[in-house]
1. With respect to the numbered conditions (1) within 14 Å of chain A (Cβ to nearest Cβ); (2) within 22 Å of the chain's Cα centre (by Cα), which one is the sole condition not fulfilled by residue B:239?
2. Starting from residues that are within 26 Å of residue B:418 (Cβ to Cβ) and part of a helix (DSSP H, G or I), keep the ones in region B:358-392 and report whichever is nearest to the chain's Cα centre (by Cα).
3. So in region A:283-296, with the set limited to residues that are within 11 Å of chain B (Cβ to nearest Cβ) and crowded, with 22+ Cβ neighbours inside 10 Å, which one is nearest to the chain's Cα centre (by Cα)?
4. Could you grab me the full set of residues in region A:1-11 that are within 13 Å of chain B (Cβ to nearest Cβ) and part of a loop (DSSP other than H, G, I, E, B)?
5. Scan region A:12-19 and give yes if some residue there is crowded, with 24+ Cβ neighbours inside 10 Å, in contact with a strand residue (DSSP E or B) (Cβ under 8 Å, 6 or more places away or on another chain) and within 14 Å of chain B (Cβ to nearest Cβ), otherwise no.
6. Would you confirm whether or not region A:47-54 contains a residue that is away from chain B (no Cβ under 14 Å) and under 18 Å from residue B:94 (Cα atoms)?
7. Which of the numbered conditions does residue B:243 fail, given that it passes all the others? Conditions: (1) touching a strand residue (DSSP E or B) at 6+ places or on another chain (Cβ under 7 Å); (2) without any contact (Cβ under 8 Å) to a residue 60 or more places away in the chain.
8. From the list B:38, B:70, pick out the single residue that is touching a strand residue (DSSP E or B) at 6+ places or on another chain (Cβ under 6 Å) and over 30 Å from residue A:90 (Cβ atoms).
């Protein structure tokens, strides 16, 4: 099929009004999407987006537009989706703005995800299933292998994927029946009062979640009190992850986590700069047996590779919309599987849950073959704006059945939250 | 003084028409500037820019514009330039697009450099001298120390700066008399024919340069031939650096460089992904005694810190316009000095020579105190568009004497090369 047009929208939700999503580095986010629609000559539409938290969303929209000459008129062939990706990422002039990081890379990711939304719709399959039914060699061809050979070769990746083929059918059936495990961040935003935290933590356990997450890092005394309240609310058997959102230097991270140790934190997330591979390795040594998790702000597969090579993380957290979409995340999933590190995706924001569930489910069926110690983040925000919203049943993501990547917003929402002209912004 | 307006321009030079600037990753760059002018209430103007290579320049311009609400109406106080910087970089919503990388970070760098251009003009001093005459504590206050304490504390940086105070006057006098050492990349672009390479290499030696650089990485047989021709042209005593512009994986880098060893390359630059700290460390072990140099695409001080911590580079190459301008480069210069690694800036493009000379000269006077094994890249392109262009005398940069950061383009050039409306683009 041929892509005939690329259209962008600046969509923003005024989430800062209720402090939803507030953390130590991001006190007042307005969850936003630099949204892209690809239209084809046979009438199908692919939808994707960069997730941002407000100001600057227009920069991502401009970065998406900058790729239009590479996309409009291009053929999108299911057997050459890797080639389509490569042509977006290897434009030498656009690449200079990264390379492979920041607004331009996120923009390429939005377009690549929109292309997979299209491919899923054309095939009549949800993207997790489209990917999980591909031949191993076809999956290997989707990834960009440049810079990875010191950690993982395409040959070894092919072997891993082939080893997983015999179990694909059984795991697909299980996924369709039981879904994929989730954890929830809904109780833990920094801007929430103690009673709201306690109430939401109890509700999370009642809803079947076995892990919750608390934002930390602004004030130590507050964190000790909130962690104690959360632990009392959920009891000893529910995991409580803590998330510092890049707030600390290495030494401070180790000290702060040690103060929270009496309340048994399961992992500490983003303790320091997401670029600091060696720093994360030092934090991991310093806070063990508390685990270290990071990844939502890793710019690309080269950063993920190093986190694994350096033994810097216990848990790798992919994000559907920061790296170059489905294809770069496939490379990252293969790397994590090669190093035996569980992937627990970052989600929340707007649409991140919808998008990333496809990647974890593909991983389960065709790559790692397990959900052990793997959970997808879930936040109960803004799902009503999507045509095929995630469904959580007993603390698990139900497997999507609609064709595509679940990334298409409802037309009414695109209109109402258009920035700055939509009615949500006319108050 | 108060900044009353921020204005952006999209300026592009059609350099791809002559293959100036062509290398293995960037075959056809159109050197460009996302240009910013800050105007103050007392009539002064500060000029700065993001350097790009063409397409996507408009994305950087949009990213500069996104900072306008943080800049227009702001006070720019010489004693609070670090605070001005921090307010630009710590806008939580804009930060999400990096963090501290890509278009938004480069945009902040353009504004910060424009602010220092303003501060220099207000003080009647070139920026290198403005910085080199600051008290050590004032210099420490300019840098953002977050994420650095495991490598360098502000306290230790203060000690280093204080140790350098006694020699400042003598080094300033020497700089004004003799300038700062340079090397030239003019002969070595990949798109140049052999006879042009040989002619320009001989001219470089005749002009007093003691180091030249060749682009490599597209074709091994071509590289062996070009390296042999260059070595014959310059003789055994002139250093020849080679630059792969991120072309290789780790193993390929080591193999390729070994093939060029008979012609005595001095350093290999950007052998692999600029994000790959561990990869550079492996390449360095594999190619010694050939040195490893990198840095022009390091996103920020956290990446530079790790290159030093991991022993991944023999030479650190700062860029004036990729990180967050003068202030983040001060942190990087201090880190390099603490690790005893020489800094040899990346330059060329459009205006990079003009801007970065101020940083190396400041480093010489007030930080490292030496020019040993330090050279600033020089490329003989596009200087005529600047009001205070660099001057090269006997293979050295003459110290700028005009107030500001040498980053102001001539009004005629801004008009003629405006994209897409300027006369240069109307052909």
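1. The failed condition is (1).
2. B:383
3. Residue satisfying both the conditions and the ranking: A:296.
4. The answer is none; no residue qualifies.
5. Yes, region A:12-19 contains at least one residue that is crowded, with 24+ Cβ neighbours inside 10 Å, in contact with a strand residue (DSSP E or B) (Cβ under 8 Å, 6 or more places away or on another chain) and within 14 Å of chain B (Cβ to nearest Cβ).
6. no
7. (2)
8. Exactly one of B:38, B:70 is touching a strand residue (DSSP E or B) at 6+ places or on another chain (Cβ under 6 Å) and over 30 Å from residue A:90 (Cβ atoms), namely B:38.
The values are calculated or read from the model by the stated rules, or taken from the named source; none is laboratory data. What you see is a predicted model; the values in this text were computed from it and never measured. Reconstructed Cβ throughout: ideal geometry from the backbone, glycine too, with neighbour counts over all protein chains shown.
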